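The values are calculated or read from the model by the stated rules, or taken from the named source; none is laboratory data. Predicted model, so just to flag it, every value in this text is computed and none were measured. As a convention, Cβ positions derive from the backbone with ideal geometry for all residues, glycine included, and neighbour counts pool all protein chains shown.
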Amino acid sequence: MTTTQCDLLVIGAGPAGLAAATTAAGLGVDTLLLDEQPAPGGQIYRAITTTPVTDRRILGEDYWHGASLVEPFRASGARYEPGATVWAVSRMTAESPDAGFEVAYSVDGQARMLRARHLLLATGAQERPFPIPGWTLPGVITAGAAQILLKSAGLVPSDRTVLAGCGPLLYLVAWQYLNAGAKIDALLETTPPGRMAQALPHAFDFLRSPYLGKGLKLMRAVKAAVPIVKGVRNLRANGAQRLESVSYDAGGKTRTMAAEQLLLHQGVVPNVNLSRAVGAEHDWNEALDCWQPRVDDWGATTVAGIGIAGDGAGIAGALAAEHRGRLAALHAARVLGRIDTARRDRDAGPHRQALARAVRGRAFFDTLYKAPDAYRRPVGDTIVCRCEEVTAQQVRETVALGCSGPNQMKAFLRCGMGPCQGRFCGLTVSELIAEERGVPVSEVGYYRLRFPTKPLTLGELAALPQTDESRQAVVRLKK
Amino acid sequence: MSPGPRSAEVIIVGGGLHGSSAALHLARAGVQALVIEKNYVGRHASGVNAGGVRTLSRHVAEVPLALASRELWYRIASLVDDDCGFEQHGQVRVAENEADEAALRDRLATMQALGYTHETWIEADELRAMIPRIVPTVRGGLIAREDAAADPYRTTLAFRRKAASLGARFMEGVRVQETRCEGGQWVVQTSAGTYTAPTLVNCAGAWADRLAAQWDEPVPLLPISPMMLVTLRMDHFLDPVVLGTGRPLSFKQRANGTVLIGGGRRAWVDRDAEWTELDFRALADGARMVCELFPHMAGAVVNRGWAGIEAAMPDEIPVIGPSLRRERAFHAFGFSAHGFELGPIVGRILCELITEGRSSLPIEPFSIGRFAPPAAGAPAPGQLPLFDDPRSSKT
């Protein structure tokens with residue numbers, strides 16, 4: 001097996017990764033883009049080249065903007081390998097650590113390895129966990145997952161459907177569903193009263209941002225067609241084998257409505273599994289209640305040779321992601337010796353301006369749509385870790401046994417040890433421990449995430465190319 | 001954390017299993033220990049090792065300790081009020097080929113000559129009946145039917161909790177900077193101030209050589225980080241722990257169905273940054289071995305890898321015993337990837353040394369003196385009359 005080589009490896013073909021690879025290749029950098037999906041677009045522009053939903057009005061112009069990233073990428077000369085899942089990155093144990101990183105990945109269940117001098121992670125965001133009673137029942141999915149079914153397969157639910165939570169995506173999905181002819185029985189808003197007052201100080205920028213016009217149009221359309229309930233508390237999904245109804249408190253009353261589909265969403269957070277596994281430092285973002293990698297203006301992490309662009313470096317949205325991708329690519333080209341610092345800084349100018357425009361107004365709805373405490377820090381029998389079925393009460397009680405951090409919790413309760421590798425429970429577990437201990441989340445920390453960052457079969461691992469070094473390594477161990 | 005009293009009867013540096021076990025045995029003897037841990041209790045090897053309660057094919061010097069420790073494991077719940085996830089299904093080291101078989105039969109002969117009966121031969125037929133999924137070409141193996149396995153973090157935490165309930169104190173997130181003896185008192189300078197005690201114990205694992213150096217007895221300690229992989233849950237197919245002979249493997253299915261794969265292949269380690277990097281080429285070798293020994297494992301889904309940092313000594317046996325250069329100072333470190341099983345007994349040995357001045361078990365082979373520069377006429381450390389099992393397995 002020959003080992004692929006490149007100067008810049010970009011991981012992820014969403015807006016940040018596509019723009020970064022295009023920019024880097026345009027500067028003469030030998031660039032390879034690996035992406036887990038079969039076609040480019042990431043989550044936000046998922047299936048942009050392949051979607052069966054060809055009526056552009058259904059998914060909207062913001063979605064179709066994604067197509068403008070794909071053509072330049074294809075023309076850029078960057079290499080592209082779709083369907084490639086990265087599961088390990090090494091440097092110190094690489095064949096020749098001075099030659100850069102070794103990246104192990106799989107395509108169609110076949111393990112491969114490549115060498116890259118510089119890495120750019122463009123691995124994006126994931127939906128924030130939304131642990132309510134019954135969220136593990138069949139019939140309860142995230143709004144993002146529902147949107148993927150619509151984009152990639154043109155699927156919408158045909159039975160009674162309820163959307164619940166907060167955040168722009170919730171309204172966007174409702175709007176797209178309506179465009180696609182689906183009926184929505186209710187939209188349950190969990191935003192607590194008083195949030196608008198907190199958000200108002202940020203309103204000035206919001207009023208000057210492109211979000212305003214689009215957002216108002218979209219919300220008007222949804223409000224005209226869907227019953228909306230505000231200030232929803234104690235949301236829960238009921239059912240024996242699958243979802244049968246949704247209950248909630250609002251306006252001083254408890255209500256239950258029959259439903260076959262419940263779509264949950266309370267914002268997105270950086271997907272940190274890869275950035276943590278490579279050893280990058282992360283900080284707790286108090287405003288957004290999530291971890292994000294520590295990066296500079298160029299997306300450079302605390303690990304030499306590894307940058308992050310897009311929402312994976314902190315949530316700023318799809319438009320910002322492409323500009324951040326271009327900035328990170330310029331920096332990579334400078335580090336790799338393709339351009340000098342002056343050229344990097346000069347070329348960055350327009351991208352920095354575009355980035356500033358793209359993030360204007362975000363503070364307003366970040367504040368408005370901050371996920372309520374009660375939906376981030378569950379109590380009682382509510383499942384926290386779906387894979388291992390660990391409840392909020394178990395986590396809270398285990399703190400009292402001396403498990404003062406997520407890693408001790410992992411060792412004790414196995415939460416975070418299942419197939420999702422902590423993606424669905426990590427934030428919740430950190431927040432619950434912090435609440436029980438009465439300390440900031442930053443002090444509690446997060447799961448140590450290690451490779452493989454995606455599950456793989458032992459057979460795949462066994463097929464990894466063997467080298468002289470690895471043979472010697474084994475001999476050394478046996479003495 | 002409130003600092004509490006600035007003095008104790010014993011200060012233990014290092015909150016791993018051995019430090020926690022020493023604190024527990026001391027507390028049972030009425031001696032109040034203060035454990036100072038730079039991170040949190042069970043952070044490194046103690047919390048994330050393979051959990052083997054293994055007497056099988058130990059270095060002969062370790063056998064008396066391992067057998068005595070196993071007796072404590074059998075009643076672990078009465079010692080620490082927790083079953084520690086203890087499961088007793090035996091451990092077997094399998095012969096994949098003729099050379100393996102010869103090596104294992106040699107080992108058996110050595111043990112029989114020494115009068116030990118806890119290791120016996122298991123014929124291929126019985127082995128295949130015991131482990132139906134194992135490759136049929138297996139030639140039998142060496143088995144310790146009374147061996148077992150436990151949950152490492154749960155165990156370390158149980159020792160800590162029981163010790164604390166009996167009066168031991170644990171300080172976490174506190175780093176020992178300097179130790180010196182002044183007027184019969186140990187003065188321990190830490191990141192959280194100065195603490196004193198008449199007796200000091202070095203259970204500092206991969207960092208223990210630094211303390212030893214402060215006591216003028218440097219040791220050639222190597223920080224190592226044995227790698228582990230775990231699969232998603234699988235249907236039950238295996239009871240005993242399976243070990244390799246000619247190539248490293250430790251293979252076990254836990255009660256929850258997950259399969260743990262270890263064996264001592266090592267990660268790259270930076271002990272100052274407390275960071276390891278898994279070596280996937282080496283792990284791939286381990287995966288190949290597993291797939292050859294258990295063909296059905298090729299489809300098993302590997303979900304996590306990790307590596308705990310610990311200390312290995314050149315002769316792969318620990319340092320246990322009094323300092324030879326300082327009064328009222330003791331060592332227990334360097335367990336070389338097989339210290340977990342010894343945890344319960346090493347705590348008792350340290351307690352005996354501290355409270356009675358002697359150990360009821362033979363610990364001479366573990367003296368730190370074996371690393372001292374040889375005096376004229378004395379045997380060099382490498383020539384100590386010990387049998388080092390070259391196939392020593394990892395916990």
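Brief remarks on what is shown
- For A:Gly14, the requirement of being of a type outside the set (A, V, I, L, M) and in contact with a helix residue (DSSP H, G or I) (Cβ under 8 Å, 6 or more places away or on another chain) is met.
- Selected residue [touching an Asp or Glu at 6+ places or on another chain (Cβ under 9 Å), assigned to a strand (DSSP E or B) and crowded, with 16+ Cβ neighbours inside 10 Å] from B:Val201, B:Val187: B:Val187
- Within the range B:250-264, if we keep just the residues that are at pLDDT 95 or above and among the aliphatic types (A, V, I, L, M), the residue that is nearest to B:Arg154 (Cα to Cα) turns out to be B:Leu260.
- Residue within the range A:263-274 that is over 24 Å from A:Lys370 (Cα atoms) and in contact with a helix residue (DSSP H, G or I) (Cβ under 9 Å, 6 or more places away or on another chain) present: yes
- Residues of the range B:128-164 satisfying the condition of being of a type in the set (S, T, N, Q) and in a loop (DSSP other than H, G, I, E, B): B:Thr137
- Pair list, Cβ under 8 Å, 6 or more apart: the range B:7-31 residue within 22 Å of B:Arg180 (Cα to Cα), other residue part of a loop (DSSP other than H, G, I, E, B) and of a type in the set (Phe, Trp, Tyr): B:Gly15/B:Tyr40
- Of the residues in the range A:268-278, at least one is of a type in the set (Lys, Arg), crowded, with 17+ Cβ neighbours inside 10 Å and out of contact with any Gly (no Cβ under 9 Å at 6 or more places or on another chain).
- Tally of residues being of a type in the set (S, T, N, Q) and closer than 23 Å to B:Lys252 by Cβ across the range B:285-330: 1
- Among residues of the range A:446-467, those that are part of a loop (DSSP other than H, G, I, E, B), closer than 30 Å to B:Arg43 by Cβ and at the interface with chain B (Cβ under 7 Å from one of its Cβ atoms), counted: 5
- Just so you know, in the range B:94-110 the residues that are among the aliphatic types (A, V, I, L, M), touching a residue at least 24 places away in the same chain (Cβ under 8 Å) and in a helix (DSSP H, G or I) include one that is farthest from B:Ile143 (Cα to Cα), and it is B:Ala99.
- Residue check, B:Glu172 surrounded by fewer than 17 Cβ atoms within 10 Å (Cβ to Cβ), in the same structural domain as B:Gly339 (by TED's automatic domain parsing) and in contact (Cβ under 8 Å) with a residue 24 or more places away in the chain: no
- Residue check for A:Arg344: part of a loop (DSSP other than H, G, I, E, B) and either more than 26 Å from A:Arg236 (Cα to Cα) or more than 10 Å from chain B (Cβ to nearest Cβ) (or both): no
- Selected residue [more than 25 Å from A:Asn234 (Cα to Cα) and in contact with a Pro (Cβ under 9 Å, 6 or more places away or on another chain)] from A:Arg414, A:Arg386, A:Arg448: A:Arg448
- In the range A:389-440, of all residues being among the small types (Gly, Ala, Ser) and surrounded by fewer than 19 Cβ atoms within 10 Å (Cβ to Cβ), the one that is farthest from the other protein chains (Cβ to nearest Cβ) corresponds to A:Gly438.
- Elements of type helices (runs of 4 or more DSSP H) in the range B:1-93, at least 1 residues being assigned by TED's automatic domain parsing to the domain that holds B:Leu350 and over 30 Å from B:Lys252 (Cα atoms): B:17-28
- The set of residues in the range B:268-300 being outside any helix (DSSP H, G or I) and under 17 Å from B:Leu243 (Cβ atoms) consists of B:Phe294 alone.
- Any chance B:Asn303 is facing chain A (nearest Cβ under 9 Å), in a loop (DSSP other than H, G, I, E, B), surrounded by fewer than 23 Cβ atoms within 10 Å (Cβ to Cβ) and not basic (Lys, Arg): no
- Among the residues making up the range A:377-388, those that are within 14 Å of chain B (Cβ to nearest Cβ) and surrounded by fewer than 21 Cβ atoms within 10 Å (Cβ to Cβ) are A:Arg386, A:Glu388.
- Residue within the range B:57-69 that is touching a residue at least 12 places away in the same chain (Cβ under 8 Å), acidic (Asp, Glu) and more than 25 Å from B:Ile261 (Cβ to Cβ) present: no
- Residue in the range B:82-98 that is more than 30 Å from A:Leu401 (Cα to Cα) and loosely packed, with under 14 Cβ neighbours inside 10 Å present: yes
- With respect to (1) touching a Phe, Trp or Tyr at 6+ places or on another chain (Cβ under 9 Å); (2) under 30 Å from A:Pro168 (Cβ atoms), the lone exception for A:Ser404 is condition (2).
- Of all the numbered requirements in (1) away from every other protein chain (no Cβ under 14 Å); (2) under 21 Å from the mean Cα position of the chain (by Cα); (3) closer than 23 Å to B:Gly141 by Cα, B:Ile261 misses one, and that requirement is (1).
- Condition met for B:Gly321 (away from every other protein chain (no Cβ under 14 Å) and either surrounded by 23 or more Cβ atoms within 10 Å (Cβ to Cβ) or of a type in the set (Lys, Arg) (or both)): no
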